[in-house]
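Bear in mind these aren't lab numbers, they're just calculated from the coordinates by the rules spelled out. These numbers come from a predicted model, not from an experiment. Don't worry about glycine lacking a Cβ; one is built from the backbone with ideal geometry, like all the others, and counts go over all protein chains shown.
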Amino acid sequence: MILYILRRLVSIAVTFFVVSVIIFLMMHAVPGGPFDGNDMPVSEAVRAKLMAKLGLDQPLYVQYLNYMAGVLQFDFGVPYQSPGETVVSLLAKAWPPSLVLGGLGVLIGTPLGILLGMAAALKRNTWIDYLASGLATLGLTVPVFVISMLLILVFAVWLNWLPASGWGKPERWILPVIAFAAIPLATYARYTRAAMLDTLNRPFVTALRAKGLSERRIIFQHVLRNSAIPMVTVFLPMFIGTATGSIFVEAMFRVPGLGSYFVSSIENRDYPLEMALVLMVTLMFCFAYLISDIAYAWLNPRIRVGGRE
Amino acid sequence: MSTEVNAETELATPPAWRQRSPLWFAWRRFLANKAAVAGGIVLVVLMLAAIFAPLITKTDPTAQDFLTQSLAFPSWEFWFGIDDLGRDFFTRIVFGARVSLTIGFAAAAFSVLIGIPLGALAGYFGGRTDWIIMRIIELFSVVPPLLAAMLLGALTRGGFFTIVFIAALFGWVQVCLLVRAQVKAFREKEFVRAAQALGASPWYIIRRHLVPNSISPIIIGFVLAIPLAMMLEASLSFLGIGVPPPTPSWGQMINTGMNFMFFYWHLAVFPTAALAITVLATTLFGDGLRDALDPTLKGR
């Protein structure tokens, strides 16, 4: 097991390196530089000086090595958009809204999705099942900005119950949290239904019924536990995906979270910020998958992770 | 006891006159799935609308013919109203189906073209080849696709072919994994061993035996890649780095509609509904096809 984790850590390091090189090259291959914008034109001399100060006049590999040397010391540079602070402090400021809204969305959507999936599996082929499966398909197929749009139209524009956008007061959180909850809810409804149906058809459930155990104990003590494995393993990657913010949900509801920086760093050629965002998300996903795989092996001892198939 | 049950069920079904093909059973399973059939019908209607768009509406999707009536609400004359630049909105929605569906199908086709050879190679040879291909797939799973798509979009300045390329770049992974699993399962089968013993080259075996045997995962991968590509196109166009403006794209229209939403609801509602219905219909159709062609994958 320890050997397996070590091997995975090496693999993560390689992935991290490859992603950093690819993204760095792609980022610099995009035509234009950080000071070519038309909204604040600078003269040629000023630009040259700025480029020299930020080290942008050096060859690419030197820039890459400099930046990565900083990253290893947890120094992600200074964002060109707001030179008064560091990338780390900017992210520390922008992440809480995304974390709160996305985290709440996952924490609300997951249990609801599990309940919905359980109801669908236990009342198979009734209207409950169709409703739950319908909701799950809708949540997974309708793009999240469409869901946000409909929420704003119905609850803010037509019914006028809730504010359409903003951040701060808790009532402004309701609509974005619902939008964030859609994907975890749909994912969990689908996984739970499939896993429960799978388990309900196993012979041991028949044996338990024959033994005379109450249906409630069969469901909660045996079926649910045996179906929990896929549900546990998808949780962490999904949480990371949601809690790092959504460009769309945050743009629709004008939330000052991480999402907007994904777009603005690309548009403004803000290389340090862009690099930091990509590396951060990549690393979090790598570790989320690693922890999920370890949890999977721990919950299901029949799988020996050392062998990998 | 089990033989008794079998005998009973055999008596219950009328004797088959001829051998039913697996495809016939798949077709029956598909027809039994009402949501999938409905999705398929909607998809066919949308495809017909996209193909015969100029026959459905007489106006041009980019012509600003009704500037004096800009932002007019839906009426008998203009079913979906007029947009902010004086264009008939119904026409733009119908022509938007062309963009969405073409990108969806083209991207799915390219996904399959990349996914089949890589999946077959990984499944057939295993070992180091498999390891390398799986690491490439891992790369695609840890980088947020939208972020990479935005970078690529900025790099190539958007456009129709770029979107197809980006969608295929992220769509092939699913096809590759499906084909790999199937090839891996068939690699040890007797007919493959026999072909190997007769001296067939790996390339011949993959082409003549393994890929034809993977046809159902390939179809499944193809159909399920379509809605993903359509969603990616809409997302990129929504962010303004997708299909460039005069071309009608639903994502772009939603973005514009958002600015007028508080007063002119029709500009936001119709493209939103069009996108939702199309993606939903395609997904339901794809899910139904998957359940019909490969019942063991059901619900995954």
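Points worth noting:
- Chain A: C-alpha gyration tensor shape, a/c 1.5 cut-off, then a/b vs b/c: oblate
- Nearest 10 degrees, 0 to 90: helix A:258-267 Cα axis against chain A principal axis: 40
- Residue of A:ALA243, A:ALA182, A:ALA156 that the Gaussian network model of chain A assigns the largest fluctuation, springs spanning Cα pairs under 10 Å: A:ALA156
- Lys-Lys pairs in the protein assembly as shown that are eight or more residues apart or on separate chains and whose Cα atoms lie under 21 Å of each other come to 5.
- Globularity ratio of the range B:99-138, using Cα Rg and 2.2 N^0.38 Å: 1.46
- Spread over its residues, the convex hull of the C-alpha atoms of the range A:43-178 is 214 Å³ per residue.
- Helix-only CD estimate at 222 nm, as mean residue ellipticity for chain A, using -39500 (n - 2.57) per DSSP H run (n ≥ 4): -23000 deg cm²/dmol
- Prolate/oblate/rounded label for the range A:103-144 (Cα gyration tensor, a/c 1.5): oblate
- Choice from A:ARG47, A:ARG209, A:ARG172 with maximal GNM fluctuation in chain A (Cα, 10 Å cutoff): A:ARG209
- Centroid-to-centroid separation of the range B:87-125 and the range B:182-218 [C-alpha atoms, Å]: 27
- Rounded Å value of the spacing that divides the Cα centres of the range A:1-76 and the range B:144-167: 20
- 0 to 90° range, to nearest 10: angle between helix A:224-243 axis and chain A longest Cα axis: 20
- Label zone of A:ILE294 (point 7 Å out along Cα→Cβ, amide N under 18 Å): in the range A:203-241 this covers A:232-240.
- Convex hull volume of the C-alpha atoms in the range B:220-300, normalised per residue: 95 Å³.
- Max-minus-min Cα coordinates of the protein assembly as shown on each principal axis give 89, 68, 58 Å, with the largest extent listed first.
- Taking Cα atoms only, the orientation of helix A:44-53 departs from the longest principal axis of chain A by about 60 degrees.
- Total formal charge among the other residues, if their Cβ is under 13 angstrom from that of A:MET275, Lys/Arg +1 and Asp/Glu -1: -2
- Largest GNM mean-square fluctuation across A:ALA119, A:ALA194, A:ALA45, computed for chain A with C-alpha springs under 10 Å, falls on A:ALA45.
- Cα convex hull, the range A:168-309: 151 Å³ per residue, rounded to a whole number.
- q = 0.19, 0.21, 0.24 Å⁻¹, the range B:147-225: log10 I(q)/I(0) [Debye, one scatterer per Cα]: -0.80, -0.89, -1.02
- Exercise: per-residue mean of other protein chain Cβ atoms within 10 Å, A:143-156: 5
- Relative counts (whole %) of C-alpha pair distances in the range A:1-117, using bins that are 5 Å wide: 2, 8, 11, 15, 14, 14, 13, 9, 6, 4, 2, 1, 0
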